[in-house]
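Report on the following structure.
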Amino acid sequence: MVNDVKGTLTVEKEQNTQYDAILREQKALIAEKRKRRKRKKQLVNMITICLILLFACIWVIAFISTKDKGVSSEGGGENFGNTIIPDDVLEINELSPYRDIPYYKEENEERYNAYAEINPQMTKEDVVWRVNAHQDKDKYEYDVEVSGYDDPTIIVNKYYKVPEGYKPPDLQQFDGQYLRKDTGEAYKKMRDDARREGYRIRVVSGYRTVEYQKNLYNRYLATDTKENVDRYSARPGYSEHHTGMAMDIFGSRDGLREFEATPEYEWVKNNCYKYGFIIRYLKETEDITGYEAEPWHLRYVGVEVSTDMKEKGINSFEEYHAKYLE
Ligand SMILES: [Zn+2]
């Protein structure tokens, strides 16, 4: 009996132990399942967040690009069908308002636009040649050494200078002043023809060295402001007199300032083009040349150019040069 009871207890004990083991196993399984479910849930959450972020990004990009199109359209872009071409593209393509002008230079496009903006009354043609002649820059701001000195259409002004020590090769004396051979011979013909008609002219200043101009300019500076001096005297290197193709003349009365009041001035004004000369600095071109009018200062450019300038009614060499010689 006792043995029976003992046996029963042992069996029960064993059964309990097995049962505990099963229970532990089940618990472990449940815990594992929970863990897996939790991980799955976390993964789903992460994917949802990522998708939300992705949609947000797409929306922001779409919004910005719509806004950009709106701005360029307001800023003057042109609408071709449904395609809006922004201004910066228009500026450099064939739709440029300056493109039809013969001396248009694509590389100056931005400068044309900027210059036109501060000169709204100016014609497109004027904008183009003036910018080509660097008129949109301050005088002496764009300074480049000229080359091709044997060409009578060489330009020397407040943007183009001759190199230090430059000396023309064929200087000869006329009225005691040095001029290049062609210039001097043209002058001589003009002077002799004038004389035959009763007008007396003579050269009082021809070729000047850069050194000479330096002294002259500094002498003016000693008694006047730089701003004033720049209006009536060239800085060294920038004077046309360096080329040997420019000259100052007197009429029947001595004095440069007196020249305009002499009958010789009228004759020279009407006839100098026949000999290849132009009166270089006029009252109406002061803003272009940067100099006050100098009725006494003649420049040799050759008969072809001086005649063409007269026929076309162009009164500054800067304009003619920018339009027809560049
Ligand atoms: Zn002069």
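Readers should treat all values here as calculations from the given coordinates under stated rules, not as data from a laboratory. Because the structure is a prediction, the values reported are computed rather than measured. Cβ coordinates were reconstructed from backbone atoms using ideal geometry, including for glycine residues, and neighbour counts include every protein chain displayed.
Here are some notes:
- Spherically averaged projected area of region 138-325 from its Cα convex hull (nm²): 10.2 nm²
- Qualifying lysines (Cα of each under 24 Å from Cα of Lys38; at least 8 residues distant if same chain): Lys27
- Put in line by how crowded their Cβ is, counting other Cβ atoms within 10 Å and starting with the fewest, Arg231, Arg191, Arg208 read Arg231, Arg191, Arg208.
- Taking the inverse of the mean 1/r over every pair of distinct Cα atoms in region 156-241 gives a Kirkwood hydrodynamic radius of 14.5 Å.
- Counting only Cα atoms, the size of region 255-326 along its three principal axes is 36, 27, 17 Å, in decreasing order.
- Within region 164-242, GluC sites (Glu not before Pro) in DSSP loop having at most 10 other beta-carbon neighbours inside 10 Å: Glu197
- Counting charges near Arg231 (Lys, Arg +1; Asp, Glu -1) among other residues having Cβ under 13 Å from its Cβ returns a value of -2.
- Ordered by the number of other Cβ atoms lying within 10 Å of each residue's own Cβ, fewest first, Ile279, Ile249 fall into the sequence Ile279, Ile249.
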